[in-house]
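Asks: For reference, the structure I am asking about is given below.
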Amino acid sequence: TNRAQTWNGPAQVITEKLKLFVTYQVSAWVRIGSGSNRQQNVNVAISADNQWINGGQTEVSDKRWHDINGSFRIEKQPSKVTVYIQGPASGVDLMVAGLQIFPVNRHTRFTYLKMRTDMIRKRKVTLKFSGLDSSSYPNTTVNVTQTQNDFSIGTCISRSNIDNEDFVNFLV
């Protein structure tokens, strides 16, 4: 309420709560109130000595609660770490519930993320041939095997894209 800028949102210093080289999961429930009839971006941002880390984001266009998920890792001892929730345009109410930042087992997390990524990226491939006389190729099959992971989901695609069915259908 009464936010003058998009970055005016709840903030808390968490320096003493974090350990180096530990991966932390971020989870928060957010919603917007009155003041907007268009889509708004809301994100969790972590400032470690004024270096910004994205802790997750979502796009909100209705009055329902939306989940923000992300993760981060700090590898250099900061003098000050602050978590911020920021986003919708000034004049749009921002509500936050259940912000959690907790350590995760990195091996378990990467195993889970690899499985989720493979579910989206590795799908059955259907090849359709046209202009060929199919009688010339009886009992012909094509096998497609992925031999190399060249593109990590997340390097260019945000978490909100993975939850977007239209985007996933485009990739499939």
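The values are calculated or read from the model by the stated rules, or taken from the named source; none is laboratory data. Computed from a predicted structure; not experimentally measured. Cβ placement follows ideal geometry from the backbone for every residue including glycine, while neighbour counts extend to all protein chains displayed.
Asks: It is to be established whether one or more residues within region 79-99 are within 14 Å of residue 22 (Cβ to Cβ), over 18 Å from the mean Cα position of the chain (by Cα), in the same structural domain as residue 53 (by TED's automatic domain parsing) and not in a strand (DSSP E or B). It would help to see each step written out before you state the result.
Replies: If we filter region 79-99 for residues that are within 14 Å of residue 22 (Cβ to Cβ), which is where we start, we get 81.
Imposing the further condition that a residue be over 18 Å from the mean Cα position of the chain (by Cα) reduces the set to 81.
Narrowing further to those that are in the same structural domain as residue 53 (by TED's automatic domain parsing): 81.
Now drop any that are not not in a strand (DSSP E or B), which leaves none.
The answer is no, given that none of the residues of region 79-99 is within 14 Å of residue 22 (Cβ to Cβ), over 18 Å from the mean Cα position of the chain (by Cα), in the same structural domain as residue 53 (by TED's automatic domain parsing) and not in a strand (DSSP E or B).
Asks: Going by the structure shown, is residue 114 more than 24 Å from residue 41 (Cβ to Cβ) and free of Cβ contacts under 8 Å to residues at least 12 places away in the same chain? Please lay out each step first, then the result.
Replies: On the way: more than 24 Å from residue 41 (Cβ to Cβ): yes; free of Cβ contacts under 8 Å to residues at least 12 places away in the same chain: yes.
Judged against the criteria, residue 114 is a match.
Asks: Something else about it: Select from region 30-69 the residues that are modelled with pLDDT of 90 or more and of a type in the set (Gly, Ala, Ser) and list them in ascending order.
Replies: If the condition is that a residue be modelled with pLDDT of 90 or more and of a type in the set (Gly, Ala, Ser), then 45, 47, 48 are the ones that fit.
Asks: Is there any pair with a first residue in region 31-50 that is within 22 Å of residue 77 (Cβ to Cβ) and a second that is hydrophobic (A, V, I, L, M, F, W, C) and outside any strand (DSSP E or B) whose Cβ atoms are under 9 Å apart and which are 6 or more apart or on different chains, and what are they?
Replies: Close Cβ pairs satisfying both conditions: 45/7; 46/14; 46/74; 48/18; 48/74.
Asks: Restricting to region 16-34, name every residue that is surrounded by 14 or more Cβ atoms within 10 Å (Cβ to Cβ) and of a type in the set (Ser, Thr, Tyr).
Replies: 23, 24, 27
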